[in-house]
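What follows is a short report on a single structure.
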Amino acid sequence: MPLANGFLAPADFDGEYSYDLRVGFCPSCSMVQLTDRVDPGKLFHENYAYYSSTSQGMIRHFQGFAREVQSRCAELKDPIVIEIGCNDGILLRNFARDGIRHLGVEPSKNVAEAARRAGATILEAFFNEETAAQIVETLGPADCVCGANVICHIPDLRGLLRGVRLLLRERGVFIFEEPYLADILEKTAYDQIYDEHVFYFSITSLKRTLEAHSLEIVDVSRQEVHGGSMRFTVARTGALAVQPSVTEMLRQEKALGLEERTTYNRFAERVLASRFDLMSLLTGLKGQGRRMAGYGATSKSTTVTNFCGIGPRLLDYISDTTAGKQGKFTPGTHVPVVPYERFVQDPPDFALLFAWNHAPEIFAKEDRFRKGGGKFIVYVPSVQIV
Ligand code: SAH
Ligand code: TMP
């Protein structure tokens, strides 16, 4: 598999990096994770392709996240909020605007600079135990450590948790949200599996990992974003009351079989069936001379296009609103990535919706495309024309 965000120029096709993408399930602790990892320095750098603020829906979502953090800190005098992996400041800009003391820890220079332009204070670094110690020394302990779609990216989970524990004030909270394993399984959303997503968390597996660091989950809440995420609130063991949501979700996870190997074997079968259905549809349409293009050059799409074999023979182009991806080619399959304007001026008959997690926002925007006879193809939770 090539790098999920490794959009590239033709001059770099030869010698394109690739690695083995495989997921393992641990029958004793129930953790689901990649077995082969890519060096984080190869993934997060001065040219990181993903900008969080490309979706209006996500901007609104993070305003809500900020309100939750602020309500937790409401009683505190001059609280400190630290965000791990703040990207372009989609969350932190809310604290900056309200004059709340904050610091974003972000290793990818280009997005860190965007966050600074949004008014946030940034430490350009990978978060780990050393960075945590450095922050405690300069700023003092944090009332809230937060993160979104980043905790599952960090291979040294134990080092990260040692850092968080060091950083948290006695009654501080660690709030983070990540794609949720049960949603991935229920929706056969296998495209969530790629290099940056090292862990696929459940409450069951995280609870066990946290215990070893004297941390515990005190609250959980499901989120619609990114195809189904879980927001975890974690505190020092015994510091805060554990909400009933935690016991209830643990019970649901048991009923879903998240601790059983057969659950994952069945998922693998559904993934193969999904590939068969999608390729039958696309090759059938192509045979009828229909024009197809991709919508959203997402990191998730790299898994789908490479696993299924969807290249320039099937797709004329993939449109994307991110300037840094435009003019480049998709990792591994080398489909041209074009600006969104091309989609408007030269629409295909069928748009393969790689950004399916933003479907409501995109369908609302693409009324004209659909009224003009254009159709979307989705493959999560099943392959269909909509
Ligand atoms: N929180 C944002 C960004 C998610 S993308 C959102 O939900 O939209 C993941 C981000 O985490 C990237 O910007 C990446 O550079 C950053 N990141 C990766 N490893 C990190 C680490 N060890 N410490 C801090 N940030 C990290
Ligand atoms: P994500 O699924 O990881 O959030 O990535 C979404 C990608 O899709 C990102 O590259 C931006 C792109 N995109 C569009 O091209 N048009 C849109 O309307 C939206 C919401 C996203």
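I'd like the GluC sites (Glu not before Pro) in the range 60-167 restricted to DSSP loop residues with at most 13 other Cβ atoms within 10 Å, sorted by number. Intermediate results must be reported in sequence, preceding the final value.
Working: sites: GLU68, GLU75, GLU83, GLU113, GLU124, GLU129, GLU130, GLU137; in loops: GLU75, GLU124.
Qualifying residues, ordered by number: GLU75.
Using a probe of 1.4 angstrom, how much of the accessible area of the chain is carbon and sulfur, in percent? Before the final figure, lay out each step's value.
Values: 8330 of 16380 Å².
Here carbon and sulfur together make up 51 percent of the probe-accessible area.
So if I take the centroid of the Cα atoms in the range 274-342 and the same for the range 94-144, what is the distance between those two points in Å?
36 Å
Per residue, how much accessible area does the range 169-243 have with a 1.4 Å probe, in Å²?
Values: 2230 Å² over 75 residues.
In whole numbers, the range 169-243 has 30 Å² accessible per residue.
How far is helix 157-167 tilted, in degrees, relative to the longest principal axis of the Cα atoms in the chain, given as a value from 0 to 90 rounded to the nearest 10?
On a 0 to 90 degree scale, this one is about 40.
Just how much of ASP156 is accessible, in Å², when a 1.4 Å probe is used and the result is rounded to the nearest 10?
90 Å²
Subtract the Cα-Cα distance of ALA74 and VAL344 from 0.36 nm times their separation in residues, and report this length gain in nm to one decimal.
Numbers: separation 270, 0.36 × 270 = 97.20 nm, distance 4.58 nm.
Extra length from ALA74 to VAL344 when fully extended: 92.6 nm.
I need to check one value: relative contact order of the chain, counting alpha carbon pairs closer than 8 Å and at least 6 residues apart, in percent. If you can, show how the numbers build up before the last one.
Values: 717 pairs, mean separation 61.8, N = 386.
It comes to 16 percent, rounded to a whole number.
In nm, give the distance between the simple-model label positions of ASP277 and THR237, each being 7 Å from the Cα along the Cα-to-Cβ direction.
That separation, rounded to one decimal, is 4.4 nm.
Relative to the longest principal axis of the C-alpha atoms of the chain, give the angle of the C-alpha long axis of helix 56-72, reported between 0 and 90° and rounded to the nearest 10°.
10 degrees
Sum -39500 (n - 2.57) across every DSSP H segment of at least 4 residues in the chain, then divide by the residue count to get the 222 nm mean residue ellipticity, nearest 500. Intermediate values should be presented prior to the final figure.
Working: 14 runs with 141 residues, N = 386.
Calculated at 222 nm, the ellipticity per residue is -10500 deg cm²/dmol.
Expected output is a single nm value to one decimal: the length gained when fully extending between ILE385 and ARG270, i.e. 0.36 nm times separation in residues minus the C-alpha distance. What is it? Provide the component values of the computation, followed by the final result.
On the way: separation 115, 0.36 × 115 = 41.40 nm, distance 1.88 nm.
Extra length available between ILE385 and ARG270 comes to 39.5 nm.
With each pseudo-label sitting 7 Å past Cα toward Cβ, what's the CYS29-ALA364 distance in nm, one decimal?
With each label placed 7 Å out from Cα toward Cβ, I get 4.1 nm.
Trypsin sites (Lys or Arg not before Pro) within the range 237-318: which are DSSP loop residues with at most 15 other Cβ atoms inside 10 Å? The partial results should precede the final answer.
On the way: sites: ARG251, LYS254, ARG261, ARG266, ARG270, ARG275, LYS286, ARG290, ARG291, LYS300, ARG313; in loops: ARG290, ARG291, ARG313.
Hits after loop and neighbour filter: ARG290, ARG291, ARG313.
Using label points projected 7 Å from each Cα along Cα→Cβ, tell me how many nm separate GLU130 and LYS109, to one decimal.
Result: 1.9 nm between the two label points.
Would you work out the relative contact order for the range 64-202, in percent, from Cα pairs under 8 angstrom that are 6 or more residues apart?
Working: 238 pairs, mean separation 29.0, N = 139.
RCO, the range 64-202: 21 percent.
Would you mind getting me the FRET efficiency between GLU46 and GLU259? Use the beta-carbon distance for r and R0 = 51 Å, nearest 0.05.
Working: r = 41 Å, r/R0 = 0.81.
Once the sixth-power term is evaluated, E becomes 0.80.
Where both partners of a DSSP beta bridge lie in the chain, what percent of those bridges are antiparallel, to the nearest 5? Kindly include the intermediate steps, with their values, before the conclusion.
Details: 22 of 51 bridges.
The antiparallel proportion sits near 45 percent.
Share of antiparallel DSSP beta bridges in the range 143-297, in percent to the nearest 5? Present the calculation step by step, with values, prior to reporting the outcome.
Numbers: 14 of 19 bridges.
Restricted to the range 143-297, the bridges split so that about 75 percent are antiparallel.
Of all DSSP beta bridges located in the range 257-386, what percent are antiparallel, nearest 5?
20 percent
If you look for lysine pairs in the chain that are eight or more places apart or on different chains, how many of them have Cα atoms under 16 Å apart?
Working: LYS42/LYS109; LYS187/LYS300; LYS207/LYS254; LYS286/LYS375; LYS300/LYS325; LYS365/LYS375.
Step by step, the pairs that qualify in the chain add up to 6.
Under a 5 Å amide H to amide H cut-off, with H placed in plane at 1.01 Å, what residues pair with ARG231 once short-range neighbours are removed?
It is SER221, ARG222, GLN223, by chain and number.
The values are calculated or read from the model by the stated rules, or taken from the named source; none is laboratory data. Fair warning: this is a prediction, and the values are worked out from it, not measured in the lab. Backbone-built Cβ (ideal geometry, glycine too); neighbour counts: all protein chains shown. For accessibility, only protein heavy atoms count, side chains too; no ligands or nucleic acids. Shrake-Rupley method; radii C 1.70, N 1.55, O 1.52, S 1.80 Å.
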